[in-house]
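Before any comments, here is the structure.
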Amino acid sequence: MLSPAAVVNCPQVQPLLQVRQLMKKYPSGTLAVAGVSLDLTPQDFLVVIGCSGAGKSTLLRCLNRLLKPTSGKIILLGEDITNVSGNRLRQVRRRMGMIFQQFHLVQRLSVLENVLAGRLRFQTSPLLHSMSLAKIFSTKEKDYALHCLSEVGIADLAMQRADCLSGGQQQRVAIARVLAQDPDVILADEPIASLDPRSASLVMELLQEIHERKGIPVVVNLHHLEYVKRYAKKVLGMRQGRLIFEGPVSLLDKDTVAEIYGGYCPVKWQEAVACV
C-alpha cells in the first residue's frame, strides 16, 4: 500500500469542501468508500483515478449527497451536510454541479430549456417554481441561460432539441446547465468516457477554463491517463474504496499507477506517465 504523497508546499487556502473519514457501505456488505479524507479548495482541479469498482463514482455521489454516507463527515463552506434531508438536501445538491457520463438531458426539450433547468435552485417562491416547471421563464433567466451556452460555445444551438446533438455537444449542454446553477463545486463522473478524442479534449478544456476563470474547484473521475497528465493539478488514486495516493501529477509514475490499478499498467499508460 502506498503512503499518500506529500503535497507541494503552497500558501494556505481555506478549504471549500472538507471530507473526513468518509465511508459508504452498501446493504450487500460491499465497502465502496473506506475512510477517505480530503480537502478541496478553489485552486483545485482534482482528478480521481482507479479501476472500475474502486469507489470513484460512489465518492462523488456521496459528496453531492446523491448517496448518504454510512459514516464520516462532509463539510461544505463550514456547514456539515452529511445528514441533511428534505428541502435542505435539495439545496445542497443544487450547489454541487454534477456532470454525468450519459449527459442526463431531457432529450425532447430544447437545449435552452435543458440549461434553464439549472436555474430551478433560484426559484424560491412556489409561483416562480411552478412557472419554471411549466417552462415559463423570465427574459432575464433566458438571457442568463444563453450566456451559459455562449460560455461553452453553442449558443447557436439553443433552440434545437437535445436529441439532435452529437455526444460532445450534449455534454457541453450539460456543462452549461451546471454553470446555470452557479455551483460552489463541479463534480464530473467520467464525463469523456463516451466521447471521441476531439470532443473529449474540448470538454476537458472547458472544465479547465471554467475552473481557472471562475475559481470553482473541479473533481473529475477519469480512466485516461493522457488526460490526467494534461489537466490535473492534483491526483487521487483509489483502490478498493481506499485512498492510496494523493499528490501532484508529477509524482504519478508507472509504479504508482501499477499499485493503484492492482499491479497492471498498460503500455499506453506507461507512455503517458513517462511524459509527465
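Before moving on, here are some points about what is shown:
- Exposure proxy order (Cβ contacts within 10 Å, fewest to most) of 143, 253, 189: 143, 253, 189
- Protection-proxy order for peptides 215-226, 72-83, each taking the mean of Cβ atoms within 10 Å per residue, highest first: 215-226, 72-83
- Converting phi to 3J(HN,Hα) with the Karplus coefficients 6.51, -1.76 and 1.60 and the offset θ = phi - 60°, the stretch 96-113 yields 9, x, 10, 10, 10, 4, 9, 6, 6, 8, 8, 4, 7, 8, 6, 4, 4, 5 Hz in sequence order, with x at every glycine or proline.
- Projected label points at residue 109 and residue 91, each 7 Å from Cα along the beta carbon direction, are separated by 2.3 nanometres.
- Helices meeting the span-like rule in the chain (full DSSP H runs, Cα extent of at least 20 Å along the helix axis, mean Kyte-Doolittle score of -0.5 or higher): 167-181.
- Calculated [θ] (222 nm, deg cm²/dmol) that DSSP helices of n ≥ 4 give over the chain, each run adding -39,500 (n - 2.57): -10500 deg cm²/dmol
- Proximal aspartates and glutamates relative to residue 142, as straight alpha-carbon distance under 13 Å, when same-chain residues fewer than 8 apart are discounted: 113
- Only Cα pairs under 8 Å and 6+ residues apart enter the sum, and on that basis the relative contact order of the chain stands at 27 percent.
A short reminder: the numbers here are calculations on the coordinates, not readings from a lab. Computed from a prediction, not measured in an experiment: that's the story for all the values here. FYI the Cβ positions are ideal-geometry reconstructions off the backbone, even for glycines, and counts take in every protein chain you see.
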